[in-house]
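Read the figures in this text as sums done on the coordinates, not as results from a lab. Computed from a predicted structure; not experimentally measured. Quick reminder, even Gly has a Cβ in these numbers, built from the backbone with ideal geometry, and neighbours come from all protein chains shown.
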Amino acid sequence: MILKHFTDNDLYKFSVMLAIQKLYPWSYVRYEFINRGHTQFPEGFAERLKEEVEAMSTLRMTREEKRYISKRCYFFDPAFIDFLEGYQYDPEEVHITQTGGDLEIYIEGYWYRTVLWEVPLMALVSELYFIMTGAAPDDVESHAKEKALGLAEIDADYSDFGTRRRFSFDVHDKVVGTLKANSGDYFKGTSNVYLAMKHNTTPIGTMPHEWFMYHGALFGYRAANIKALEAWVDVFQGSLGITLTDTYTTDSFFKSFSLKQARLFDGVRCDSGDVLEFTDKAIQFYEANRIDPASKTIVYSDSLNVDEVKRIKNYVNGRVHDTYGIGTYFTNDVGVKPLNIVIKLTAIKSKPKEEFLQAVKLSDVMGKNTGNEKEIEICKMTLGIE
């Protein structure tokens, strides 16, 4: 059994799960696996993966995990934490097939339940692939230490965002421990709740693209950002206040980001596109609304390494509070080519008996658009995007 801990998952999956339960308990969704790198999977991979998914049904939140979440995740109410304690993964929600080297996966069911599958399932696909192809990690702790010292040297606040495409749990575990030991206060925590608990650090999370995608599909693309942010505030009352901007492009986001929301949210996350242009757009937006940019945070999280962090940090130059979420560079920089995979929300319905509505994501990079091609064109036309 590869995945052994219920909270070996990213914080944002639990936070959006709570929001779904509060606001959309009847919603029914479909997620699909997207193999962006066109990796060919070895013979028998699907069957092995099915066994691992089946084994996940035995995972339960432990008393230690419950105590940790109750203490550190102050934005989770007791009823939700009790729900997590009783939650059981249902493997029947996950459908896996393989044709030659091509792997197909989709997840379907009530949104409040299926939302937890994405991150651990991607981590399973990645780790199982490297097990079955005989890959071995190289110099995990020495590489992580070098990166930790490099980031501390340039005064960069950063967190680990590396669960989804990690080489293995063991590598991830060693990396988080090494980062914490060698960066002092610059290391702010990890997105992985179990490893945050194990290493006594902070669980870090923003909100997922799927939150905006759901609202876009249900309420229309012009209203998506406003509806998604208002709903988030209704649930968390100002906590978890970093918002993504690129679900329907950053330009579209800033056009709809209200003054109230801009003041209430702690900052924004740059997850795709030109990071320097993004920085300018964010600062200009805050200044135009008479908000001091230095009072706000930008979380940079797109394909980062030490050199890229240094380049961004030099450009920011203290004009805004900058922090960095670093993923695959930490958890799968071990001498192999990481998998380029995602699992994305592709269809939603507000009640199970309704017809599916297509869910799409545009991003600030054309190659990262996901979803039905016709629906993507409708979305772009609606928002006036060429």
With +1 on the Cβ of every Lys and Arg and -1 on the Cβ of every Asp and Glu, and nothing else charged, how large is the dipole of the chain about its Cα centre, in debye rounded to the nearest 20? 1000 debye
Once Lys and Arg get +1 and Asp and Glu get -1 on their Cβ, which of Asn289, Ser303, Ile343 lies farthest toward the positive end of the dipole of the chain? Asn289
Over the range 275-320, calculate the relative contact order: mean separation of alpha carbon pairs under 8 Å at least 6 apart, over the residue count, as a percent. 54 percent
Treating only the Cβ atoms of Lys and Arg (+1) and Asp and Glu (-1) as charged, compute the dipole magnitude of the range 48-103 about its Cα centre; round to the nearest 20 debye. 420 debye
Dipole in debye (nearest 20) - the range 140-332, about Cα centre, beta carbon charges: Lys, Arg +1; Asp, Glu -1: 300 debye
If r is the Cβ-Cβ distance from Glu146 to Asn372 and R0 is 45 Å, what FRET efficiency results, to the nearest 0.05? 0.55
If you rank Thr133, Thr39, Thr163 by fewest surrounding Cβ atoms within 10 Å, what's the result? Thr133, Thr39, Thr163
Relative contact order [Cα under 8 Å, 6+ residues apart], the chain, whole percent: 23 percent
Separation of the Ser303 and Thr202 label points, Cα + 7 Å toward Cβ, nm: 2.9 nm
Among Gly150, Gly238, Thr202, flag the residue with its Cα farthest along the positive direction of the charge dipole of the range 140-332, charges on Cβ as +1 for Lys/Arg and -1 for Asp/Glu. Gly238
Under 19 Å by backbone N from the virtual spin label 7 Å along Cα-to-Cβ at Lys50, the residues of the range 115-158 are 121-122, 124-126, 128-129, 132
If you count, for each residue, the other Cβ atoms within 10 Å and average over each peptide, how do 180-191, 246-257 line up from highest to lowest? 246-257, 180-191
Viscosity 0.890 mPa s, 25 °C: Kirkwood-radius Stokes-Einstein D of the chain over Cα pairs, µm²/s: 115 µm²/s
Taking the dipole of the range 11-169 about the Cα centre (Lys, Arg +1; Asp, Glu -1; charges at Cβ), the one of Leu84, Gly162, Thr58 that reaches farthest to the positive side is Leu84
So for R0 = 41 Å, FRET eff. of Ala135-Lys255 from the Cβ-Cβ r, to 0.05, ends up at 0.35
So in the chain, what percent of DSSP beta bridges are antiparallel if you round to the nearest 5? 55 percent
